[in-house]
Amino acid sequence: MLPDWLKAPRRSRSIEAGAIDGDVDQHVISMAADFSPTPAGRVDADGEYNATRFRETLLVPALESGRVTVVDLDGVAWCAASFVEEAFAPLVTKHGYEAGLLHERLRVIPGSAREHDETAALAFEYIDGAKAG
């Protein structure tokens with residue numbers, strides 16, 4: 001059985017200007033605190049903390065706020081490439097965002113774990129490789 005803090009994602013929070021990258025107005029999503037420290041899978045059939053749920057409940061609403069969206073990976077144990085692809089590529093293919101706009105309005109911060117440097121870069125590789133449908 002999952003502990004209560006893992007049963008439902010917490011609301012993401014905004015932070016004051018200049019806290020990350022000098023951006024004035026930001027919406028920060030802490031993947032570990034607001035979603036899960038162990039995200040996995042692409043769709044609901046893969047488990048509760050899957051990429052589709054992350055994208056639809058946290059990432060897209062944050063982007064729709066018009067503020068710079070920061071996804072902070074600090075505290076996340078690992079992120080499979082399949083999770084990263086499903087979380088970020090459909091921003092272009094399903095939601096119609098242009099890759100250039102996402103480069104301006106989205107930040108993926110790796111946090112303290114070195115392996116998340118690749119995860120952050122991979123998110124933008126999938127965004128750049130996605131074709132609007």
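The values are calculated or read from the model by the stated rules, or taken from the named source; none is laboratory data. Keep in mind it's a predicted model, so treat the numbers as computed, not measured. Virtual Cβ from ideal backbone geometry, glycine too; neighbours counted across all protein chains shown. With ligands, DNA and RNA removed, areas are computed over all heavy atoms of the protein, side chains included. Shrake-Rupley method; radii C 1.70, N 1.55, O 1.52, S 1.80 Å.
Numbers for the structure displayed
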{"item": "Tensor-based shape of the stretch 39-100 (alpha-carbon gyration tensor, a/c under 1.5 rounded, otherwise prolate or oblate)", "result": "prolate"}
{"item": "Low-density loop cleavage sites - trypsin sites (Lys or Arg not before Pro) in the stretch 53-97, where at most 10 other Cβ are within 10 Å (DSSP)", "result": "none"}
{"item": "Stretch gain in nm, segment Ser65-Glu115, where the contour uses 0.36 nm per residue and the Cα spacing is subtracted", "result": "15.1 nm"}
{"item": "Apportionment of accessible area to carbon and sulfur, the stretch 85-133, percent (1.4 Å)", "result": "49"}
